[in-house]
Amino acid sequence: MTVTWAGFRRARRRSRQAWALVALAGLAVVGGLGWIFTAGQFAAAEPRSTGPREAPVLAPGWMKAVPAPRPVPPGTAAAALDSLPVKGRAARDNYDRAAFGQAWLDVDRNGCDTRNDILRRDLGNAQFMEGSRCRVGAGTFQEPYTGHPTAFRRGSESSKAVQIDHVVALGDAWQKGAQQLTAQQREYFANDPLNLIAADGPANQDKSASDAATWLPPNKAFRCHYVARQISVKAAYLLWVTPAEKDAMKRILGSCPGQQTIVPQLTGPPR
């Protein structure tokens, strides 16, 4: 059989392409096996998150929005994040909790302090203390940070099991623009329902004053809402983010590109 030079070159080119495909397939198999025997086995074993994906802001009929320096911008959280200034942290050595006013004021003037407002908003079947229309004595809910069913019962020790978390911690805010707010704006910030969530006590203590670069809720289903809520608060109160914080927020929002900012609004029937 006679083989022309052109035919020989075509055959050799096809042979090289075939071997290249075989090599790529081999690399894919090796890579897949490597993932299975390292991170893959843990991902496969990790239980699916069944915790809450979001938390309420306002409850119609008895809660009112707190006036922030500016409205939360509607749209995607990613777009709002890109609008925030990016800077380093300011000094914290002059931080004082008193700069944010007395804890748990009735800033919306509904007759009840903020802590009890948030407990009533977040707990299912909230029960009031005898003779009070404000003081929540007990209730249960699926806690958003851990995803676990959690019970609250008022008491000198038992109350610690459920705490009210500042989504953007006061210490973090102080280092990222809150020093430039007025005293009243800081007071509103500390009592704004947008910035408050009833949370598992140990998880809240673990978070402390961390930002998204150093702490995220263990309940992964809640992280998109949590980051969007932090962005919404920072946009409303003219705060900034650090480069590491912005990178961490972008990574979370990458899994939920359609996540919207959290705009306080009254929806649904009164509770």
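No value in this document is a laboratory result; all are computed from the given coordinates. Just so we're clear, the structure is a prediction, and the values are computed from it rather than from any experiment. Cβ coordinates were reconstructed from backbone atoms using ideal geometry, including for glycine residues, and neighbour counts include every protein chain displayed.
Can you return the lysines within cross-link range of LYS220? Criterion is Cα-Cα under 21 Å, with same-chain partners fewer than 8 residues away left out.
Partners found: LYS207, LYS246, LYS250.
Karplus couplings for region 219-232 from phi (6.51 cos²θ - 1.76 cosθ + 1.60, θ = phi - 60°), rounded to Hz, Gly and Pro as x?
Per-residue couplings from phi come out as 6, 5, 5, 8, 5, 5, 5, 4, 5, 4, 5, 4, 4, 4 Hz.
Can you give me the distance in nm between label points at ARG135 and ALA244, each placed 7 Å from the Cα along the Cα-to-Cβ direction?
Modelled inter-label distance: 4.3 nm.
Each residue of region 169-185 in order: what ³J(HN,Hα) in whole Hz does its phi give by Karplus 6.51 cos²θ - 1.76 cosθ + 1.60, θ = phi - 60°, with x for Gly and Pro?
So the J values, rounded to whole Hz, are 4, 4, x, 5, 4, 4, 8, 10, x, 5, 5, 8, 6, 6, 4, 5, 5.
As an exercise, use a Förster radius of 22 Å and the Cβ-Cβ distance of SER255 and SER208 to find the FRET efficiency, rounded to the nearest 0.05.
My answer for the efficiency is 0.30.
Can you give the FRET efficiency to the nearest 0.05 for ARG70 and HIS148, using r as the Cβ-Cβ distance and R₀ = 30 Å?
0.25
Name the long-range amide H neighbours of THR140: under 5 Å, sequence gap of 5 or more, or other chain; modelled H, no Pro or chain starts.
GLY124, PHE152
So what J values fall out for region 58-75 if you push phi through Karplus, 6.51 cos²θ - 1.76 cosθ + 1.60 with θ = phi - 60°, rounded to Hz, Gly and Pro as x?
Per residue, the Karplus-derived 3J(HN,Hα) values read 10, 10, x, x, 8, 10, 10, 5, 9, x, 8, x, 8, x, 5, x, x, x Hz.
Taking the Cα-to-Cβ direction at ALA79 and at ASP96 and moving 7 Å from each Cα, how far apart do the two end points lie in nm?
About 4.2 nm, to one decimal.
Going Cα to Cα from LYS87, which aspartates and glutamates come in below 18 Å? Please leave out same-chain ones fewer than 8 positions away.
ASP172, ASP211, GLU245, ASP247
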